[in-house]
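Reading through the structure tokens given below for one structure.
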């Protein structure tokens, strides 16, 4: 069994993990980034073909390297994947690919990460696996007839790959709206939306919405404030809306409540017979591989304060509302990462800092759409 020793291990090589690597390299730290995927940016490459960020390029750069596109360009998923690879190359970040961590433990002095061919030990660990890990599909999907083709939005690529026929898209986030609108151009589409979500225009008064949010200080509202805690439980659509989707030809129905063979039933008692169902119903977070006493709460979610765990030497980056609304966005993750890397580094030098329970805040439990659903980093 091969055992490697590092000062810091970063688990997850997406945008949050790479940003952590940048700050660790600036401190001349002895560290390694591991990622379960075979290539950097694989999660982005594997999303649907037409996906574009709803943040313009000037808001999409990681620390130390601007996104290589003109202002007010909305990058596609392949451009993001290429950028992440270029970022890792530019800063010569030490990354080991195809290396999933199956268990993380702690012996009181060192963390031990089990990988397929051995163990990696480190004084500190930064978990950068992101919030979007396991596609979530409601249990009623099992009640649909076998001839109905079902797939999660994580597996959707383009309309051509789907069988022809009436299509149901379930889920009212940015991803669901984008996919439903694309499909409506070539087929009959019904979209099931469980609750209304406020919709913001992409470019009010000729300026991108993020320009306006920056000017009013929205990006600086923190999870520690009363307003931040309220906002963290809500989300908003950007650049899409019910009216726009209906103009594209889609029919909107309320919450899906049952499946009965070939039929689906909505909460208004209407029925629909789909040939295809696209479940744009979010993701479940999975931290079951973290076997460290006190690291997770009763719901198996990280206990942390601004990304710093109550377990000394353990940190998290890339979580929604880890500190602000931008914590899980490509261009916003850098601020949180810089803070966590500094604290983790201080802990490894000066010893543990214990957070009290009242200082610890959970991340939101419902995985909502962030930047056209940035995928899990590991």
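The values are calculated or read from the model by the stated rules, or taken from the named source; none is laboratory data. Note that the coordinates shown come from a computational prediction; the quantities given were computed from them, not determined experimentally. Every residue, glycine as well, gets a Cβ built from its backbone with ideal geometry; the counts of neighbours run over all protein chains shown.
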* Selection count where residues are under 25 Å from the mean Cα position of the chain (by Cα) and more than 29 Å from residue 176 (Cβ to Cβ), scope the stretch 117-137 -> 3
* **Members of the stretch 283-311 found to be closer than 19 Å to residue 336 by Cβ and assigned to a loop (DSSP other than H, G, I, E, B), listed by number** => 285, 287, 295, 301, 303, 306, 307, 310, 311
* Out of (1) touching a helix residue (DSSP H, G or I) at 6+ places or on another chain (Cβ under 9 Å); (2) farther than 22 Å from residue 309 by Cα, what's the single condition that is false for residue 141? -> (1)
* If we scan the stretch 121-136, do we find a residue that is over 26 Å from residue 288 (Cβ atoms), buried (at least 19 other Cβ atoms within 10 Å of the Cβ) and in contact (Cβ under 8 Å) with a residue 24 or more places away in the chain? -> no
* **Evaluation of residue 337 against (1) in contact with a strand residue (DSSP E or B) (Cβ under 6 Å, 6 or more places away or on another chain); (2) within 15 Å of residue 130 (Cα to Cα) (one fails), failing number** => (1)
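Let's see how each residue does on (1) in contact with a helix residue (DSSP H, G or I) (Cβ under 8 Å, 6 or more places away or on another chain); (2) more than 23 Å from residue 33 (Cβ to Cβ); (3) assigned by TED's automatic domain parsing to the domain that holds residue 182; (4) free of Cβ contacts under 8 Å to residues at least 40 places away in the same chain:
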{"residue": "246", "(1), (2), (3), (4)": "no, yes, yes, yes"}
{"residue": "249", "(1), (2), (3), (4)": "yes, yes, yes, no"}
{"residue": "255", "(1), (2), (3), (4)": "no, yes, yes, no"}
{"residue": "269", "(1), (2), (3), (4)": "no, yes, yes, yes"}
{"residue": "291", "(1), (2), (3), (4)": "no, no, no, no"}
{"residue": "298", "(1), (2), (3), (4)": "no, yes, no, yes"}
{"residue": "304", "(1), (2), (3), (4)": "no, no, no, no"}
{"residue": "320", "(1), (2), (3), (4)": "yes, no, no, no"}
* Structure fact -> Those residues of the stretch 17-44 which are surrounded by fewer than 18 Cβ atoms within 10 Å (Cβ to Cβ), free of Cβ contacts under 8 Å to residues at least 60 places away in the same chain and outside any helix (DSSP H, G or I) amount to 28, 30, 39
* Structure fact -> Residue hits (the stretch 1-16; under 22 Å from the mean Cα position of the chain (by Cα) and either over 26 Å from residue 118 (Cα atoms) or surrounded by fewer than 24 Cβ atoms within 10 Å (Cβ to Cβ) (or both)) are none
* Given the residues 196, 229, 244, which is the only one that is modelled with pLDDT under 85, in contact with a strand residue (DSSP E or B) (Cβ under 9 Å, 6 or more places away or on another chain) and surrounded by fewer than 17 Cβ atoms within 10 Å (Cβ to Cβ)? -> 229
* Find the residue count for the stretch 269-282, including only residues that are assigned to a loop (DSSP other than H, G, I, E, B) and touching a strand residue (DSSP E or B) at 6+ places or on another chain (Cβ under 7 Å). => 6
* Of these, 105, 86, which one is outside any loop (DSSP other than H, G, I, E, B) and either farther than 27 Å from residue 335 by Cβ or not assigned by TED's automatic domain parsing to the domain that holds residue 51 (or both)? -> 105
* So which of 47, 96, 90, 85 ends up being closer than 16 Å to residue 154 by Cα and either touching a helix residue (DSSP H, G or I) at 6+ places or on another chain (Cβ under 7 Å) or surrounded by fewer than 22 Cβ atoms within 10 Å (Cβ to Cβ) (or both)? -> 47
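Test residue 54 against the stated conditions and say whether it is buried (at least 19 other Cβ atoms within 10 Å of the Cβ) and out of contact with any helix residue (DSSP H, G or I) (no Cβ under 6 Å at 6 or more places or on another chain).
yes
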* **Condition check for residue 209: over 19 Å from residue 281 (Cβ atoms), in contact with a strand residue (DSSP E or B) (Cβ under 6 Å, 6 or more places away or on another chain), outside the structural domain of residue 326 (by TED's automatic domain parsing) and crowded, with 19+ Cβ neighbours inside 10 Å** => yes
* Tell me which of these residue 284 doesn't satisfy, since it passes every other one: (1) under 30 Å from residue 167 (Cβ atoms); (2) in contact with a helix residue (DSSP H, G or I) (Cβ under 9 Å, 6 or more places away or on another chain); (3) modelled with pLDDT under 95. => (2)
